[in-house]
Structures are given as structure tokens and as C-alpha cells.
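Trainee: Take a look at the following structure, please.
Bear in mind that the values in this text are calculations on the coordinates, not laboratory data. Since the structure is predicted, the reported quantities are computational estimates derived from the model, not experimental observations. Reconstructed Cβ throughout: ideal geometry from the backbone, glycine too, with neighbour counts over all protein chains shown.
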Number of protein chains: 2
Amino acid sequence: MTSKNYTSRVFPLETMAVPGGTETILRGGRHLFTLLPEAFAGVRRIGVIGWGPQGRAQALNLRDSLVDTDITVAVGLRPGSASAADARTHGFTEESGTLGDWLTVAAESDLVILLISDAALVAHHQEIFATLKPRAVIGLSHGFLLGHLRTAGNDFPDGHGVIAVCPKGMGNSVRRLYEQGAQINGAGINSSFAVHADPDGRATDLALGWSVALGSPYTFRTTLESEYRSDIVGERAILLGAVHGIVESLYTRYRLAGDDPVTAYEKSCENVTGPIARTISRAGLLAVREGLDSAGREVFDCAYTATYAPARELVAEIYDEVADGTELRSVVLAERRLGARPMSEIGRSPMWAAGTEVRARRAARELPVEPFTAGVFTATMIAQIDEFAERSHPWSEIVNESVIEAVDSLLPYMHARDVAYMVDNCSRTARLGARRWGPRFQSAYEQIAYPASELPANESLMRAFDTHPVHEALSAAAKLRPSVDISVS
Amino acid sequence: MTSKNYTSRVFPLETMAVPGGTETILRGGRHLFTLLPEAFAGVRRIGVIGWGPQGRAQALNLRDSLVDTDITVAVGLRPGSASAADARTHGFTEESGTLGDWLTVAAESDLVILLISDAALVAHHQEIFATLKPRAVIGLSHGFLLGHLRTAGNDFPDGHGVIAVCPKGMGNSVRRLYEQGAQINGAGINSSFAVHADPDGRATDLALGWSVALGSPYTFRTTLESEYRSDIVGERAILLGAVHGIVESLYTRYRLAGDDPVTAYEKSCENVTGPIARTISRAGLLAVREGLDSAGREVFDCAYTATYAPARELVAEIYDEVADGTELRSVVLAERRLGARPMSEIGRSPMWAAGTEVRARRAARELPVEPFTAGVFTATMIAQIDEFAERSHPWSEIVNESVIEAVDSLLPYMHARDVAYMVDNCSRTARLGARRWGPRFQSAYEQIAYPASELPANESLMRAFDTHPVHEALSAAAKLRPSVDISVS
């Protein structure tokens, strides 16, 4: 699906062993900042369009990384944007020529990074394209716009480079871990990059430079299409939608088995965002099961066995809908409806009320991994990994989009707040997707997986988990980043 | 959206008062059978293609109604069809020339009624069209094929009449109530009809004749598009998908409040399919609330108030997806996936286990209407009605597709079996739709509606229910059918 191997005129690339082959990657770090002027050759001005979490993080990281160069980072906002005040607080100002109208900033920049919302991209990309100066490069941080252009029968404008650097984590993590990089070289969020159009041969090094400047521990190659699919599917599955369905269904299950609300919350939501995520982040997927006693392993295996098939069925359905464009049409239809009727919130169910108390008593004791919850969560993660592998995504994309983004970025934030807060504060595309698919996981697990968990575990499925190639890929990826504290206060 | 008024050269039409105007309808009954030869002028042979529940019911009703004419009803099946034995048992045989290969039967018939599955229609409609003799009329029982042809950029073949008669009930009900018609003239399932192409002016009377022969108590006019939308939306909402979501979420709610499984089942599933459906069928929607004591009404009002908004939001979303074609694309994608992996069943959740015991003790006592359940169910029904009214469907279509089909056909069958059985035994299009949308209702109700039901009722919403135009439309429709026993043993 993608050309995973490539060359750079600027950066020292490495070869990473992945199941069935190798991928060419760039290990990041601040020692590479001296190479940035060469990577950004021909770019005097970078325009970051938009000031959401991703826009803010990228504008700040780029400015900090390029402080010793003569490259200017400017922020472009739509007229009357409520974000202008926050951008000024962070030192982007009209006076210094680093804050302005989005079309003006786009017109003046050599690299125009589009970080506005998907809905704004759909509505305004043609206006922005029309203002670009000759040879200006279009930068994206995910493939959504390509999906939209294809659905509408359009394409990017000729004569412009089109590149993407896609951090595999939320904007808040991109900034927070970058700041840790001042002490721990290489701390950050991994990114994929894609070269969609390269009229003058600059695109690969420009994308790699952008990724290094964001603080990516390592950067791997993908295509816009592969990125788009894995990104949109991932947020509907293990990154967001499935997590919500998992914790809702498990909470109800523990409550019905007699647990009080706080205990049920600890065994479900708190367990996923806390001990399970931490264990995977520190020691990988096998460690979750290996940390259990033998009774716990039996429960884990039964839960894993019962969950895998319905999880895989759902991930395959999501993948089909995303690849076909159906999911994107649904998002556009929903955006239109939301004009008339605001999106309802989902954090008012009884479960979330227990969360406050659970968070308050965290200091008192360390929560153990709950075997049933761990089996359900791990099986869902493996189902997504298997679907992505079957669809020929590069292994770096698979592990970043299925495991690392979850345990190093999203779950720590969910742990600090709660899952409902996260779902209601993500991009609209992600929110709408989580709202469509979270309930599907919830129902399928309540109606199919949990009743089936009374049956004995399937040994061949457990052997497949034990010997799964993802463990090798994940461990290769883990070697490329320094150990950092992922917790969020 | 539709021309609700029209004329007939054969049948005595009536005018029915509906909110804001009138609709022209045909009241059915066996006294009209003498007019059938005139309505079927030019038709010597009717080919019913397919022997699912709808194919069987229509072939049998048509043959019985046309027994005194020289019109032959033949059944066409795909080669090697497993249904041939059952068709022979019902008297359709190769020897008598009333059973044969579907393409042969289609080629020999003057009216070709396509009652094969949606997936088979998608795969084989072009072959069937190619065999039609000149001037043969194409008959449909819902608008799915039009939706598919539009999505694929195709149309029906020129020179052929295209009509639809769409019974607003399951095939089993179409047959069972027709049989009651021998004692109680006019018993049956209401139908809509549509004339999509009418090259020689025969179409309206042919469609009306077909409907009379099926035993429709009354027949109203729609368009294929309007029928398609309301049919597909309805089965995803109050007819099937929403019912499943409602009973799952209510069962959990009652269980969590301390009820044992049997009581929780009686208050949720059993209540909807039993006393609530019966009350609406016999006395209309207001009667559900009026039958409660004042404490019960308060509970009903709080549940209704809390449910209406999330229900309306979901029905609007379903309607958008169906009208846009997105839902249909999802069905096609799912059919493709099902080639590799069978659809999982949904009737294994703990709730259904309680159903057996509940059904066993039915005789012992009459179950009262549960106010909370009634408020949730009624609000969902009204949400669908309001969405259909806003989208300008004819009132006959609205009440048949939102109320009458539910309480006179589907819910009595769900009562005799259970909701999961029904969901897993409907058409694939309906099953897939219920599986997509049922969980959305479940989650929205658990997370949004039920927590909001702790708040006081919204008086203006309850006034709107009290004075809703649907009550007038429903009572006008009720006058057009004799009182029959809808229970299924």
C-alpha cells in the first residue's frame, strides 16, 4: 500500500526491523535541529492555519525548534476567531507579523499547514488554495481533505507540493512531550509523513524537517490514503469509540454482578485508562496478561476469546465504511444537521458520577489490573491490529495508530479527565464517529461477547495472541523513544 | 412529496380526512373481488418471483382472491431454491404450470411481482428485466430497488409499467389477517401503492386491484421514493431497531434498580409487545397515558419528556442517511462482508433467557402498562411521526409506517416469539439496519434520556402530545378496518 523505504539528502535515516521486512525511519531529537535550515530550504515563512489543540501545539513547537533560524512561524485565523486572544498570549501577535487573517497568512507563506477543523476545511479549502503563492507547499496533519476531495471528484491544485506530517497523538500531548524533550532528548509523539505531490523534489526533506521540529521520537512513511483510513478507523475503534463502548458495557456488567458504583468504575473505566494503559506503555501487550496470577489469566483468556470475533467484525465494518467514503458522507450529513440542533453530551450517565470519587481516592492505593477488563480491551486492540495488517498498512502505522497513540496520549488524558470528557472534546469528526460506533461496541459486547465469556477460552486464539507479530513491532518502536512520564495532571 | 388524490375507472374511491387536508383512499373487502377482472384487464398471468414470507403470503392471497377468474398465479424460484418444496406443499407445482424457474415465470407473466430479497434484487434485476415480454408490468412491494438503481445511476426499463403495492406488515400478517377476512370482511394489512411508470394508463387500477386481492383494509397512494424512505427509516426506528434498543436499555435500567430478571423483562420487553401495543391498537396513543393513575401519568410524562429529544435526533440522523443513500451503501458493503463471515446472532444476552419464563406465566395474570416504559416507547413513536410529517409524507403513510404496522403486525409477532428472534428473522436489509441503529437508541437512552428523566416533565411537550394531529389521523385510519384479533399464537 505504501512505499516504506525512501532516502533523504539531509537526515540520517535508519532501518527498523518489522514483521516480514523493514521500514525506513528517522529517529528524532534536538541534536537534529541544526539540520532544519537545510530541510526547510526555500521556506522563509511557515503559516499555521488554525489554533485548535493541534494548531497551537504545532505552531509553538515549530517556533521553538526554529528559533535559531531566520524562518518565521505565523498563525492565520479566520476573521473574528475567538482563538486570537489565546494565540496572542502565546506570543503570536499582529504587531510582530506572526498573527493575521488566514487568507493573508496563507498567501504570504512558503509552507501552509492547514490545521483548521474538518468542517472548515471542507467549506474553505478552495479559497485557501486560490491565495497560495507559486510553489508554496500545502501541509496537512491528516488525510481527511484527500478523502473529501475524492468524494467530491476534486484534487489538490497543480504545481504545489502536498505533504503531510501526522502526529500520532492529541495536540496537547504533542506540546507536553515536546517540552519534556528539553530534558530528555527525543521525547515527543511519533509522526507519520506522506508525500502526495512533489513537483520540485523538496517534499521528503521538508516533511522530515517539519516532523523533527515537532519533536517526533521517530518518523515513518505512509500515504495520505493509508493515513486517512487508519486515523479515521482508529478513532472510531480502539482510540476512542470502542473505549467508550467497552467501559460503558463493563461498568454495567460489574454493577449487575453486585459491585457498587465506585468499584464498578474502578474495574472498568479506571482500569483501562490507568493500570492497563500504563502496563502496555511500559512493557507491551503481553505484560498485561503476564502480570496476572493463574486464576486471573484464565479470566483474561475467556474474556479475550469471547471479545475478539465481535470486535473484529465491527472493526472490519468501520474499515469498509471509511474506505468506501460512507463514513465521510455521514459526517457531512451530521454537520449539516448540527446547524439546526446542537450535539447532545454523553457524560451525564450514572457511570461518570462515580468517576469523581474514584479520582479523589487514587492516591490511597494502587489499582491492580482487572483480568476481565484487560481481556476485553486487549482483544479489541488486537482486532484492530489484525484488520490493519490484513489491509496492508505499514507496521509503524499499525502500532502507532492502535497502541502507542492510545497508551501514550489518549488514555492518559482520559485518565486525568474521563472518557466522556474526551469524546466530547475531540474533533467533530472524531466525536461523531465515537457517537456512531461506541454504542455498537457496547451492544455487541453486552449481547455477544459477555455471554460467550462463560465458555472455555479458545486455545488457538490465545496462542495467536502469544506469538503475535505486533509484539516485535511494538518493541522495535519502543526502542526508538526515550522513557518518559506519560501521566497528565 | 406525493400526489395523494387520484381517480379510478374500476373502484369506488373515498376521501379520508387527515390533518391539514384529505387523501383519496380505497376501502377494501371481498365484495370488491368481482371487480378484479376489470382491474387486471390485460393480465392473464401473474408471476410472483420469490417465496419468502412476503412472496408466500402474496402468492396465496392473490390465488385465493382470483380463484373465480381465468387469471393464473405462478411462482418463480431461482434454480435449486430450497423453497420449492414449501411452494409445492401450498399447491404451486410444475405440473400445473404454476411453479418454475424465475426467469421463465417472469418471461411468461403479464404482471411480474418481484419479492426476492434485496440482495438478490441487486444481483439479478437486470437479468429479470431482460426476459420481460413487451408491456409486462413490473410489480414491487417496496422502493428498495429504486434506491439501488438511483445509486448505481440506472433506471427501470422503458416501455414497462412500474407499480408497487406495499403491505404495511410482515408477510405472515398479510396471510393470517387475509384468512380472517373470510369471516370478517375487510380484515387484512393496509397497503400503500405507487405508480412509477404508466405507459398505457392501466397502472393505477392494476395496483388497486392487486391491493384489494391481497386483502388490504384500505389502500393509499404514495411514491416509490416516499415509500422507500419511510419503510427503511421505520424499520431502523420504531418498527424494529429502536424497539430493540428500548427494551435492552429498559431491562438494564430495571435490573439495576433491583428488579429480578423476570420482573425486569415484564416491565420492559413484555410490556411493549403486550399491554402497550394492545392498548394502542385498540384505543390509540392517548389511551396509553389515560389508562394510568395520576402517579403513573407523572412517571410517563417525565420519561416521555426525557426521551423525545434524543429519539428525534436519532430518527433525523437515520432519515438523512437513508435519503442520502449512505444507508444503502452500508447494506451493500455489509452483504459483501457477510460472504466471508456470517452475521452473529443477538438473542444470547441474559435478558432473553428471562423471556421464556415470562411467556410461560402469561396466562396467570394481566400485566398492567408500565408508565416509564410507556413514556419511552410513545415518545420514540411520536419522534418518528414528527420527522415523517416534517419531511411531508402522506398521513396514511405516517400512521401505517409508525403505528399500525408496529402494533398490528410486528409487535404481536415479537410478543409471540421475542424481539431478538424478530430482529434475526427479518429481511437482511432490516436486520442490518436494526443492528446498526438499535445500539444507538440503547446508548442514547441510557446516557441521555434516562438521566434526564429525573427532571420535571416539560409541559409544552406534553401539551403537544395531547393535541397531536396524529390522533386524528390514526382514528381516521382505524375507522377503515374492522376490529380483528391481532394476537399470534
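Trainee: Average the reciprocal distances over every distinct pair of alpha-carbons in chain A, invert the result, and give the Kirkwood radius in Å.
Mentor: Hydrodynamic radius (Kirkwood, Cα only) of chain A equals 22.9 Å.
Trainee: Next question. Calculate how steeply helix B:326-338 sits against the longest principal axis of the alpha-carbon atoms of chain B, using the helix alpha-carbon long axis, and give the answer as 0 to 90 degrees to the nearest 10.
Mentor: 80 degrees
Trainee: Take peptide B:256-262, look around each residue's Cβ out to 10 angstrom, count Cβ atoms belonging to other protein chains, and average those counts.
Mentor: The per-residue average across the peptide is 1.
Trainee: Next question, about the same structure. Please state the equivalent ellipsoid semi-axes for the stretch B:233-478: what are the square roots of 5 times the Cα gyration tensor eigenvalues, largest first, in whole Å?
Mentor: Its equivalent ellipsoid spans semi-axes of 26, 23, 17 Å.
Trainee: Further question on the same structure: Where the centroid of each part is defined by its Cα atoms, how far is the stretch B:443-471 from the stretch A:441-476 in Å?
Mentor: Here the two parts' Cα centres lie 41 Å apart.
Trainee: Got a sec? Which residues in the stretch B:66-93 would a label at residue B:104 touch, if it sits 7 Å along Cα→Cβ and we count backbone N under 12 Å?
Mentor: It comes to B:75-80, B:93, nothing else.
Trainee: Please report, in debye to the nearest 20, how large the charge dipole of the protein assembly as shown is about its Cα centre when each Lys and Arg carries +1 at its beta carbon and each Asp and Glu carries -1 there.
Mentor: Approximately 180 debye in magnitude.
Trainee: Restricting to Cα pairs below 8 Å that are 6+ residues apart, what does the relative contact order work out to for the stretch A:14-217? Please round to a whole percent.
Mentor: Reported relative contact order: 24 percent.
Trainee: In units of 2.2 N^0.38 Å, what is the alpha-carbon radius of gyration of the protein assembly as shown?
Mentor: Compactness ratio reported: 1.02.
Trainee: Could you compute the FRET efficiency for residue B:152 and residue B:17, with r as their C-beta to C-beta distance and R0 at 51 Å, rounded to 0.05?
Mentor: Once the sixth-power term is evaluated, E becomes 0.80.
Trainee: Also: Using the number of other C-beta atoms within 10 angstrom as an exposure proxy, rank B:49, A:138 with the fewest first.
Mentor: Listing B:49, A:138 from fewest to most nearby Cβ atoms yields A:138, B:49.
Trainee: Turning to a different aspect of this structure: Residue of B with Cβ nearest the axis relating B to A, plus distance in whole Å?
Mentor: B:439, 2
Trainee: To make sure I understand, if each residue's beta carbon is the centre and we count other beta carbons within 10 Å, what order do B:92, A:33 fall in, fewest to most?
Mentor: The order, fewest Cβ neighbours first, is A:33, B:92.
Trainee: Which distance in nm do the two modelled labels at residue A:459 and residue A:31 give, with both placed 7 Å along the Cα-to-Cβ direction?
Mentor: Output for this residue pair reads 5.0 nm.
Trainee: Separate question: Enumerate the lysines that residue A:4 could reach by cross-link, defined here as Cα to Cα under 25 Å, with residues fewer than 8 away along the same chain left out.
Mentor: A:168, A:479
Trainee: Additional query: Find the relative contact order for chain B and round it to a whole percent, using C-alpha pairs within less than 8 Å whose residues are 6+ positions apart.
Mentor: Relative contact order here is 19 percent.
Trainee: As I understand it, the value is the acute angle between the Cα axis of helix B:241-256 and the longest principal axis of the Cα atoms of chain B; what does it come to in degrees, rounded to 10?
Mentor: For helix B:241-256, the angle is close to 20 degrees.
Trainee: For the stretch A:248-393, what value does the Rg/Rh ratio take when both radii are computed over Cα atoms and Rh is the Kirkwood radius, given to two decimals?
Mentor: My calculation of the ratio gives 1.03.
Trainee: Next up: Using r as the Cβ-Cβ distance of residue B:126 and residue B:479, and R0 as 60 Å, what FRET efficiency do you calculate, to the nearest 0.05?
Mentor: E between residue B:126 and residue B:479, to the nearest 0.05, is 0.85.
Trainee: Next up: Hey, what D do you get for the stretch A:14-217 in µm²/s if you plug the Kirkwood alpha-carbon radius into Stokes-Einstein at 25 °C and 0.890 mPa s?
Mentor: Using the Kirkwood radius from Cα pairs, D works out to 144 µm²/s.
Trainee: In nm, what does the list of distances from residue B:104 to its counterparts in the other copies look like, shortest first, when each label sits 7 Å along Cα to Cβ?
Mentor: Relative to the other copies, residue B:104 has label-point distances of 8.1 nm.
Trainee: Another one. Just to confirm the numbers: residue B:416, label point 7 angstrom along the Cα-Cβ line, distances to the other copies in nm, shortest first?
Mentor: 5.9
Trainee: Looking only at other chains, what is the average number of their beta-carbon atoms within 10 angstrom of each beta-carbon in B:446-452?
Mentor: 6
Trainee: Only helical DSSP H runs with n ≥ 4 go in: add -39500 (n - 2.57) per run for the protein assembly as shown, normalise by residue count and round the 222 nm mean residue ellipticity to 500 deg cm²/dmol.
Mentor: Using -39500 (n - 2.57) per qualifying helix, the result is -15500 deg cm²/dmol.
Trainee: Also, quick follow-up: Out of the stretch A:37-96, which GluC sites (Glu not before Pro) are coil in DSSP terms and have no more than 12 other C-beta atoms within 10 Å?
Mentor: Within the stretch A:37-96, the qualifying GluC sites (Glu not before Pro) (loop, at most 12 other Cβ atoms within 10 Å) are A:94, A:95.
Trainee: Related question: What does the charge dipole of chain B about its Cα centre add up to, to the nearest 20 debye, if the Cβ of each Lys and Arg holds +1 and the Cβ of each Asp and Glu holds -1?
Mentor: Charge dipole of chain B: 740 debye, to the nearest 20.
Trainee: Follow-up. Averaged over peptide B:428-437, how many Cβ atoms belonging to another chain are found within 10 Å of each residue's Cβ?
Mentor: The shielding value for this peptide is 1.
Trainee: From Cα pairs below 8 angstrom and at least 6 apart in sequence, can you work out the relative contact order of the stretch B:233-478, rounded to a whole percent?
Mentor: Across the stretch B:233-478, relative contact order equals 44 percent.
Trainee: In nm to one decimal, list the spacings between the residue A:159 label point and its equivalents in the other copies, with label points set 7 Å along Cα to Cβ, shortest first.
Mentor: Label-point distances to the other copies, shortest first: 5.4 nm.
Trainee: Hey, another quick one. Nearest 10 degrees is fine. How inclined is helix A:53-65 to the longest principal axis of chain A, computing both from alpha carbons?
Mentor: 60 degrees
Trainee: Find which of B:415, B:381, B:394 sits farthest along the positive direction of the dipole of the stretch B:331-489, computed with +1 on the beta-carbon of Lys and Arg, -1 on that of Asp and Glu, about the Cα centre.
Mentor: Farthest towards the positive pole: B:415.
Trainee: Sorting B:463, A:289, B:236 on the 10 Å Cβ count, fewest up front, what's the list?
Mentor: B:463, A:289, B:236
Trainee: Under 19 Å Cα-Cα from residue A:267, which aspartates and glutamates qualify once same-chain neighbours fewer than 8 residues away are excluded?
Mentor: The qualifying aspartates and glutamates are A:248, A:259, A:290, A:293, A:298, A:301, A:357, A:366, A:370, A:418, A:446, A:454.
Trainee: If I take R0 = 56 Å and measure r between the Cβ atoms of residue A:260 and residue A:200 in this structure, what FRET efficiency does the formula 1/(1 + (r/R0)^6) give, to the nearest 0.05?
Mentor: My answer for the efficiency is 0.30.
Trainee: Please give the peptides A:400-408, A:470-478 ranked by average Cβ packing (other Cβ atoms within 10 Å per residue), highest first, as a rough proxy for protection.
Mentor: Result, highest mean Cβ count within 10 Å first: A:400-408, A:470-478.
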